[in-house]
Structure formats: C-alpha cells, structure tokens
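The structure appears below as structure tokens.
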Amino acid sequence: MTSEEFKKTLWDTANKLRGSVSAAEYKYPVLGLVFLKYVSDLFDAQAEVIRHRLRDPASDLFIEDELIREESAGFFVNDKTFYDQDNVFWVPPECHFSTLLKSAAAADIAQQLDKAIGLIESENPTLKGVLYREFSRLALEPGKLGDLMALVAGLKFDPKQHGSRDVFGEVYEYFLGQFAMAEGARAGEFYTPKSAVNLLVEILAPFRGKIYDPACGSGGMFVQSAKFKDAHQKTLGRKGDLAIFGQELMAATRKLCLMNLAVHGLDGDLGQTYGSTFTNDQHKTLRADYILANPPFNISDWDGDKLTEDPRWVYGIPPKGNANYGWLQHMLARLSNRGRAGTVLANGSMSSQQSGEGEIRKNMVLADVVECIVAMPGQLFLNTQIPACLWFMTRDKRPGVNGKRDRSSEILFIDARKVASGRLSRTQIEFTDEDLQRIAQIYHRWRETEFSDGGEYRDEPGFCSSASLEDVRKHGFMLTPGRYVGAGAQEADGEPFEEKMPRLVATLREQRAEAARLDIAIGAALEAFGYGE
C-alpha cells in the first residue's frame, strides 16, 4: 500500500465512524488521538535511545558492567529528566496509548481519555491547554470511539525506519485537508489550500531567520516553510534555520496548530494566548525576516474604529468596514529592514477605491514597499468564491540578501489565473509542481536570487511584466496584473493570430456581401409597396 493509499484508507475508515457528528466537531478528537499515539510512540523510542546510550562507549551515560547497566536502565527509562533533556514529552504509563487501547471497549473509555490527557498536560507545561479533553462530551455511538482508537493504532513510529516519523505529520496534514473539504466554507478558519501555501513558500523561499504568520490557523505555512528549508539545505550546501512565530484568533484552532507543529518536530512561539492580532498583538517587538499569511478576506468586525491612532498605520488609516489594508500594514510593521512578506488577499484589494483604500495603496506604491502581485486562478479555495491574489512586500529591493538585481521603483506583475493544471475534484483545481516552479522562477529570475535556475528574466505577454512606478501611476495605482501583462500571443480559444486573422477577414467580407444583398432585397420590397424613392 502506498503512502497516499494508506492515508486515504485511514481517512475513509475514520470518516465512517463519525456517524452524525459534524466534521467541524469531529476533527478535534480524531487529530487529538493521532497526537496521543505520536507522543506515546516517541516516548517509547526515547526509552530505546536511553538504553543505547548506556551501551555506547562514546556516551556520557556508558556503563561497562552489563549487570549494572541493565539494572540502571530500569531506573533511567523511568526518569523524566532523560526525556526533558531531549525535548521528548513525558507520558505516564497509565496515559500511554497502548494502555488506553486495552480499555477501548470499556463504557468509560471517553472519561479515561480525558483524564489521561489532563495528566499528560500537567506533566508537560508546554502542552497545557493544548490537547483535546472533551471525549466524554462527544456524541459518538457506543463502541465507535474504541473503533477509532484501534484505527489510529495502525500508525507506528519506528526510529529504526528512516522517515517513519513523517507519517504522523503527513496523516495530520491529510486529515486537516479532508476535514476542510468536508466543512467547506467554514474551513477558512483553520486551513489554507496547499497550492496557495506552496506558492507563497516557493516565492518567499524561507531558509534562515524568523518566520511569522499573524493569522496562522492550523500552521500549514510553518510546516511547508520547514519542508522548503530542509529540501534546500543540500542544494545550497549550508544549514538553514527558522524560528517560528505566530498568532491565532480562535482557541481551538490554536490547539490544532500547536499539535501540528509538534507532530512535525517543530517548536513555535504562538504568544501567551489566542486573540486578535489587531487588538491583542502577541509579538509587538518582533521584526521578522519572512511573513506568510492567509488572513480572513474583507472582514468588517475587526475593531478598526478602536485603532484609528495605531502606529502601524503608516500609509493611512484602514477603513472600519474592511481589514485588508490593516493586515498589509500590520505585516509591514512586523518586517525586519530586509524582510519580505507574502499574503493572500481578495482581488478587490488591488483596485478598491472605497473608504480611502486607494490612497493607502498609492502611498504604499510610492514608498516602494510593494514588490510583486500575483493574480490567482479561481477554484483554488474551498472556503470562498471570492477571487484571490498574492501580495509580496519588502522595504529592500536593492542588491543584497534578497537578490543580486536592483528592483527599486519596480513591481513584478504575474497573471497566473490560467496556470493551474492540476484538478482535485470537479470544483477544485491546484497547481502542479511544474506550475509552482514556472511561477516562482519568474520571481527568482527577476530578483536574481540564489534560488533562481539561472535563466534570464523577460516579460512574457499575458503572463508577467516588470512595471515601473511611473507605469503604475499612469494606471491610477491599480495593481491588477492584467493591466500590465497585456494580452498573450494567443487568444483565449488558443488559435494563433496568424491563422485566425485571414479567417476573420474572410468572415467580415462575407458578412459585408450579405448585408449588401439584404439592402437590395429590402429596397426592392419597399418599392413594390410604393415606398421606393
């Protein structure tokens, strides 16, 4: 069974067990059980690490005498200190997944799970308030919770098998995506489609520094950034390092993010609590090297009327009824001097003139902080039919860490509306790896970054254009890529111009001849009825 088949089988079985429980509610216990199995397996693996160190002459724990070594191992594997020092969560014996699995058929298994997870939280301060502890309130049919546990038990982490730890992360991500499809419109609270995440990451190329998501959801931006960093360490010949910072409005979604980071072996600072990034900013002093976000589109209830004097509004006060330009300016305020930000926003943000948004956009353009705009295809997002785009911003377009080419007073426009060639379902499309590279390499060639394939950047009619600020001024500071990239070499139907033009000329001549014949016929009819000249 392939990895994809395994994940699909696991999902299909788990989904059948949920009965009448909504997908919105069901995701928390399912992902909670995946996490419990993960920390239990990791705990067991650490016990083996401790035993190996006792046998290893090069280890500080080495004990030469076999009898004493075996006796010591019994104490050491039950000493929390040896788990804490390697950042492995401590799992008391009665809380271990395998122990609870033995009671899976018990009538009070839900209460046992709640109690066990509460104890795990008390033993591991970093997990306090993170884990799902409401199994006893879950309206599953009798026996279904035990069946679900038996299903999750099929996930195994074997430290001797390379990459086995990734299984938990992959299953967690896959389940998040499936829950998002099941929830539809509500999924935007916790999930960003992989196509949007991957494109943001491929263009921003986070490799070394601080990374921040002010609306982090379940943490997909962080996970993909870490994957990008790992994938490029070998090709660049040096080690990458990312420090993760984020904030999430919803308490339950924040928990999903913390668990997602943990199952991928990542640490992150999500602030002291959940809450609004606008009114309860958890990272006021942060200056990030990379910012990636998919904030909620066009929200009106963001307390903008309470923030009119906020120092973040350098380019103008965002309208009370729409947070789009609040998000953009918040990100700019949290960027380091050489940092770069990329965010998903509604298409209206590129051209809106309402409530002063046009003036804010003009000020941002004139300040030269807008670097690149990408128009996205429709049908990428599960949760909204509002057309979306990507904004990329920076204060540093000069030659240096962000690229060899000076792009001061220029903006790159990419129209990727027709680029996505992958299809997930009848209603949803996606970027293939080739699509992602085609778009991302346009940017990297334009800036001549270290992630460029070495090709020379050129404007491509209908696809990309590097525009001067003067060009943007002539267009009234509208940032819609279609205004700058122009029409492609082919019309929408794909017929080349040189083939289409003769046919159009012939058609026009026929229509002209037909009009002449019709004019003669009408004249004759009028004359017959005595209306002729």
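The values are calculated or read from the model by the stated rules, or taken from the named source; none is laboratory data. All figures in this text were calculated on a predicted structure; none of them were measured in a lab. When we count neighbours, we look across all protein chains shown, and the Cβ atoms used for this are built from the backbone with ideal geometry, even at glycine. Each accessible area value is taken on the protein alone, full model and side chains, heavy atoms only, with ligands, DNA and RNA left out. Shrake-Rupley method; radii C 1.70, N 1.55, O 1.52, S 1.80 Å.
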Taking r as the C-beta separation of Ser276 and Ala105 and R0 as 60 Å, the FRET efficiency to the nearest 0.05 is 0.85
Which residues qualify? For Glu371, with a placed amide H closer than 5 Å and at least 5 residues away or on another chain, they are Phe392, Met393, Thr394
Quick query: amide H of Gly271 versus all other amide H atoms, modeled in the peptide plane; which residues come in under 5 Å with a sequence gap of 5 or more or a different chain? Gly246
Please tell me which of these pairs span more than 23 angstrom C-alpha to C-alpha: Lys210/Lys397; Lys128/Lys239; Lys194/Lys255; Lys8/Lys144; Lys27/Lys255; Lys27/Lys418? Lys128/Lys239; Lys27/Lys418
Go ahead and estimate [θ] at 222 nm for the chain from helices alone: -39,500 (n - 2.57) per DSSP H run with n ≥ 4, summed, over the residue count, rounded to 500. -13500 deg cm²/dmol
Could you list which residues have their amide H under 5 Å from that of Arg340, counting only those 5 or more apart in sequence or on another chain, with H placed in the peptide plane? Tyr290, Ile291
Derived scalar couplings ³J(HN,Hα) [region 83-92; Karplus, 6.51 cos²θ - 1.76 cosθ + 1.60; whole Hz; x for Gly, Pro]: 9, 4, 5, 10, 6, 9, 5, 7, 10, x
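Keeping the other protein chains in place, figure out the carbon and sulfur percent of the accessible area of the chain, with a 1.4 Å probe.
Accessible surface attributable to carbon and sulfur in the chain totals 50 percent.
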Quick check: the angle from helix 3-17's long axis to the longest principal axis of the chain, C-alpha only, nearest 10 degrees? 80
In straight Cα distance, which aspartates and glutamates are under 16 Å from Lys16, not counting same-chain residues fewer than 8 positions off? Glu25, Glu141, Asp147, Glu183
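Hey, got the dipole for the chain? About the Cα centre, +1 on K and R Cβ, -1 on D and E Cβ, debye to the nearest 20?
680
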What net charge is computed for the residues neighbouring Lys80, neighbours being all others with C-beta under 14 Å from the C-beta of Lys80, Lys and Arg scored +1, Asp and Glu -1? -4
Crossing angle, helix 194-204 versus the chain [Cα axis fit, 0-90 degrees, rounded to tens]: 80
Label-point gap, in nm, between Glu170 and Asn78 - each point 7 angstrom along Cα→Cβ: 3.7
Scoring only Lys, Arg, Asp and Glu (+1, +1, -1, -1) among other residues with Cβ under 13 Å from the Cβ of Val374 yields -1
Once both axes come from the Cα atoms, what is the angle between helix 433-447 and the longest principal axis of the chain, in degrees from 0 to 90, rounded to 10? 70
Is any residue of region 282-321 close enough, with backbone N under 16 Å, to a label point placed 7 angstrom from the Cα of Leu469 along the Cα-Cβ axis, and if so, which? 315-316
Among Tyr174, Ala107, Leu261, the residue whose Cα sits farthest towards the positive end of the charge dipole of the chain, when +1 is placed on the Cβ of each Lys and Arg and -1 on the Cβ of each Asp and Glu, is Leu261
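Pulled fully out, how much extra length does the chain show between Glu4 and Asp86, if you take 0.36 nm times their separation in residues and subtract their Cα-Cα distance?
Gain on stretching Glu4 to Asp86: 26.4 nm.
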Whole-Hz Karplus couplings 3J(HN,Hα) for region 316-321, θ = phi - 60° and coefficients 6.51, -1.76, 1.60, Gly and Pro as x, run x, 7, x, x, 4, x
Hey, what did the chain get for relative contact order, percent, Cα under 8 Å, at least 6 apart? 10
So what J values fall out for region 327-343 if you push phi through Karplus, 6.51 cos²θ - 1.76 cosθ + 1.60 with θ = phi - 60°, rounded to Hz, Gly and Pro as x? 4, 4, 6, 4, 5, 4, 5, 9, 7, 6, 4, 10, x, 9, 10, x, 9
Net charge of neighbours whose Cβ lies under 14 Å from the Cβ of Ile68, counting Lys and Arg as +1 and Asp and Glu as -1: -2
Among Gly19, Pro57, Phe43, whose Cα sits farthest toward the positive end of the charge dipole of region 6-69 (+1 at Cβ of Lys/Arg, -1 at Cβ of Asp/Glu, about the Cα centre)? Gly19
Among trypsin sites (Lys or Arg not before Pro) in region 241-294, those in a DSSP loop whose Cβ has at most 13 other Cβ atoms within 10 Å are Lys284
Obtain the nm distance between the two label points defined at Asn15 and Lys128 by a simple spin-label model: each point lies 7 Å from its Cα along the Cα-to-C-beta direction. 3.9
Restrict the search to region 43-118; then list the trypsin sites (Lys or Arg not before Pro) that DSSP places in a loop and that have at most 14 other Cβ atoms within 10 Å of their Cβ. Lys80, Lys102
How much length would be gained if the chain were fully extended between Glu309 and Ser22, taking 0.36 nm per residue of separation minus their Cα-Cα distance, in nm to one decimal? 99.1 nm
Obtain the radius of gyration and the Kirkwood radius of the chain from its C-alpha atoms and give Rg over Rh. 1.10
